[in-house]
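The next block holds one structure in the form of structure tokens; read it before the comments.
The values are calculated or read from the model by the stated rules, or taken from the named source; none is laboratory data. On a predicted model such as this, the values are computed, not experimentally measured, just so you know. All Cβ positions, glycine included, derive from the backbone under ideal geometry; neighbour counts span all protein chains shown. Just so you know, the surface numbers come from the protein's heavy atoms only, side chains and all, with ligands and any DNA or RNA stripped out. Shrake-Rupley method; radii C 1.70, N 1.55, O 1.52, S 1.80 Å.
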Amino acid sequence: MIALVGILLYLKTAERKPLYNLTILTLLCGYLIYIAFFNQKKKPYLSGLSVFTVQFILESLFQLRHTGLIHHAHIPLALTASVFVQRRSFVLLMLVQPVLHIPELLTSPEKSSLWLLLFIYLPSLTLFITAYKNKRTIHNYSEKLQTLKREAQIIANEAKEINEDLALSSHIVKEEKLKSEIMELLNIAQKALIAEDVHLFLQRDTGFRCYLSTSEKAPSVEDGGLIQTVLKERDARVVFSEDGEILDSGYVTDAPVRSIAVSSVVDQEVALGVICAESLRYRAFNEKDLEVLRGIASIVAQTFHRHRLLSVLNFAGSSLKILHNESSILTRILDVEEMIKTITSSIQKLSGAGGIVLWRRAASYQVYTSDKLPLRTEKVSIKKLRGTLLDRIHTYREESISINELSRFDKKNPLPEGFPPFESLIAMPLFVNERLQGIAMAVSEKKEAFNQSHISLFRVYLNQASESLSKALLHEEIKQLAFTDGLTGLYNHRRFQERLDEELKRAERYGEPLSLILLDIDHFKRVNDTYGHPAGDAVLKKLAEIIKRTVREIDFPARYGGEEFAIITLKSRARNAEKIAERLRKTVQKTVIKTEDTEITVTLSLGIASYPDDATTREALIEKADQALYKAKNSGRNRTVLYREILNSKL
């Protein structure tokens, strides 16, 4: 109605006031276009009608004025509307298009119908379909984004509420990677404890079940029994069965188990499950084995905890993605030295500045830096920390230090000697098992280089690094137990064989010599027969102490077996190894070993072979050294013989 009134006013006064009436008509059309394109959400049913009204006005003007330009103006309007209007408005708009062309359809129906099809319907339909698909795609992307945000929020909320036994299952993102890490720990436990199999039982949302096992067939869980008692009490136990199979273990296996060592896996007061080592032998485990199992259980708990933290970081922003990547690197490292170097590199990536780690070693801190950071010191004594900013962490255990303009700091020497004059600093403690083990720093020569976001990222990363370092240290201790002779504290025969093979490959690669010393206690059987086996053990322990004091720091001593010992002397030929051997032999000869009942003196026979002069393979080198030892025994004992001397005597 408004449109018709506007047209009549225009036609009636067009001759007298053309500019005035043209303005009114333009405003009217503008209002209708606004309804059509920009007010769809409030009045969607008006969109199609509004566009049609504008078209009708234009077509009416054409019919009255017979201006060709006006006649074709409504076509682009219909095409443009096809992109913006909703589906029902589009259908309505297309249905009323023939009304605009009634005169043409009456006079020339075929030609006008074809014209409508080619210039109105087909282009409009194409544009509408394309626009509709784009809208649906954008809508789908928006829904996926919202779903992702909801999932991220759920995980974040659950990560803050780890206070029940069943909370574990909802946090693990990369199950296969987690299983691989846990399986490695179970294999270490199996070797360290000399167990038939090791199982990990977890409390999951599906119930208490075997999560991983070194056995091909995982055991089935029964109600009650030992493992669930240990889980409930968060304890560790060793159980034996003298008469036969243990019947109340709480799980069923095919083999008759006679010894079980079991420890609970606890993460921040939450009992996750139990780790269980079994053996077919009676009294296969002791308290020392139980301590090893407790250590592995602690690493397992830390591994689960670390994976839960990483699952939270998966949904964070770009800075948290970097944090996630750097934290993930730590999970693959078990060597402490390599992990510290990785931490310095990660600090650099997280802060965009230099990374420094001071690692505690006795009465000083070893200094590790990221690439291209100019430091003139590799070690800082605790005494030199006094009076510096870092002493606030070392002595007073401050949680963090953040300064963005060190040049204005009131202390004369804010950093230890050898540190360049940095302007910005973040420093935080590295705690391992609640003990201060290091100080981590991000440093920059620029003022105001760090903000609160850097500090938050730094704190989260160092919490992760502390857990990973704890795992690495425990791993080293467990590996040490697996490779160490229980009586003497020296490396055992298996580790000796592995190390000799490694050192021979290294010597070949760098063209360096090495020598092998095999030594044997003379008449050791007589010591055992005369004074008893406890006295013999005392002799072995004392000899191990003397060997540790006598050899160089780079050398590798081991107990070869029984009363035989082996020493790998690196970067030394036979004559250099002979000096070490003679020094050891003379020291032992002069040493009086005191026991509860008597005093004992012993002597040594030693044989030496060298790489590459005497042998080039591990087996051959051991054989040549053993021949030299045999020669020393047969030549009167208490002496050192070089394999080269045996060859020379035959010539």
Carbon and sulfur: what percent of the range 488-595's accessible surface (1.4 Å probe)? 46
Take 115, 359 and sort them by solvent-accessible surface of the protein heavy atoms, 1.4 Å probe, largest at the top. 115, 359
1.4 Å probe accessible area per residue over the range 407-467, in Å²: 50
If the only charges are +1 at each Lys and Arg Cβ and -1 at each Asp and Glu Cβ, what is the size of the charge dipole of the range 221-362 around the Cα centre, to the nearest 20 debye? 960
Provide the gained length on full extension for the span residue 209 to residue 398, in nm with one decimal, where the gain is 0.36 nm per separating residue minus the Cα-Cα distance. 63.7 nm
For the range 261-381, give the percent of accessible area contributed by carbon and sulfur heavy atoms, probe 1.4 Å, rounded to a whole number. 48
Under a point-charge model restricted to the Cβ atoms of Lys and Arg (+1) and Asp and Glu (-1), what is the dipole moment magnitude of the range 401-525 relative to its Cα centre, in debye to the nearest 20? 320
Square roots of 5 times each gyration tensor eigenvalue, C-alpha, the range 482-564, largest first, Å: 28, 12, 11
Quick one: grab the alpha carbon gyration tensor of the range 348-459, order the square roots of its eigenvalues as a ≥ b ≥ c, and give me rounded if a/c is under 1.5, else prolate or oblate depending on whether a/b is larger than b/c. rounded
Estimated dipole of the range 315-433 in Debye, rounded to 20 [Cβ of Lys and Arg +1, of Asp and Glu -1, Cα centre]: 280
Within 15 Å, Cβ to Cβ, of residue 218, how many net charges do the neighbouring residues add up to if Lys/Arg are +1 and Asp/Glu are -1? -2
Pseudo-spin-label distance residue 176 to residue 445, built 7 Å along Cα→Cβ, given in nm, is 4.6
Applying the gyration tensor rule to the Cα atoms of the range 378-425 (axes a ≥ b ≥ c; rounded if a/c under 1.5, else prolate if a/b exceeds b/c, else oblate), the class is oblate
Furthest towards positive pole of dipole, 516, 473, 449, structure part the range 448-522, Cβ charges: 449
Rounded to the nearest 10 Å², the accessible area of residue 533 at probe 1.4 Å: 130
So, over other residues within a Cβ distance under 13 Å of residue 595, counting Lys, Arg +1 and Asp, Glu -1, the net charge is -1
Provide the net charge surrounding residue 290, with neighbours chosen by a C-beta distance below 14 Å and charges set as Lys +1, Arg +1, Asp -1, Glu -1. -1
Taking the dipole about the Cα centre of the range 313-461, with the C-beta of Lys and Arg at +1 and of Asp and Glu at -1, give me whichever of 322, 387, 433 is farthest to the positive side. 387
Set of aspartates and glutamates with alpha-carbon distance to residue 525 below 17 Å, sequence-local pairs under 8 removed: 537, 563, 564, 599
Please name which of 560, 570, 539 has its Cα lying farthest along the dipole of the range 530-633 towards the positive end, using unit charges on Cβ (Lys, Arg +1; Asp, Glu -1) and the Cα centre as origin. 570
Put 496, 419, 240 in order of accessible area, largest first, 1.4 Å probe: what do you get? 240, 419, 496
